Amino acid sequence: MKIPHKALVALVDGERFVLLRNDGQIFEPKLSKVEEPSLDPTNFSAGIRHQDKAGQMKGNTDLNELAHGAAAAEWLNQKAIAGEMDELVVVADPKTLGEMRRHYHSELEKRVVGEVDKALTHEPLDKIEQVLANA
């Protein structure tokens, strides 16, 4: 995957959100940590979609995790609207990525240059770089 020089990389799962920057080249990412924002997950709108009987019986949907994904998307939306980012790659587990997409603002959508549906928030930077280079 192409990751532009100085592009931001958002690593997100249901509990953690880490923002990285590519200081390397387009096909050879070299990531550095920018920040780990503290989020206040208050958007539980995903609960409406998961109130069916089958979803309740299986119990495989954690609304707190989905709310965290929504909060990460809202944080990224604010940065995009304020013009504080140019290009962004989003890396999240499939469930979180799906929830985040529901909350993307049009300004954020313009800046997303790639998405990877993998849970990598607890992996070392060199492994994340390798996964992104091979994506």
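Some observations on this one:
- Enumeration of residues in the range 80-93 that are over 10 Å from the mean Cα position of the chain (by Cα) and either surrounded by fewer than 16 Cβ atoms within 10 Å (Cβ to Cβ) or under 12 Å from V9 (Cβ atoms) (or both): I81, A82, G83, E84, M85, D86, E87
- Those residues of the range 4-22 which are modelled with pLDDT under 95 and either among the β-branched types (V, I, T) or crowded, with 18+ Cβ neighbours inside 10 Å (or both), in sequence order: D13, G14
- Pairs, first free of Cβ contacts under 8 Å to residues at least 40 places away in the same chain and crowded, with 16+ Cβ neighbours inside 10 Å in the range 119-135, second charged (D, E, K, R) and assigned to a helix (DSSP H, G or I), C-beta under 8 Å, six or more apart: none
The values are calculated or read from the model by the stated rules, or taken from the named source; none is laboratory data. Computed from a prediction, not measured in an experiment: that's the story for all the values here. Please note: Cβ atoms are built from the backbone with ideal geometry, for glycine as well, and neighbour counts cover all protein chains shown.
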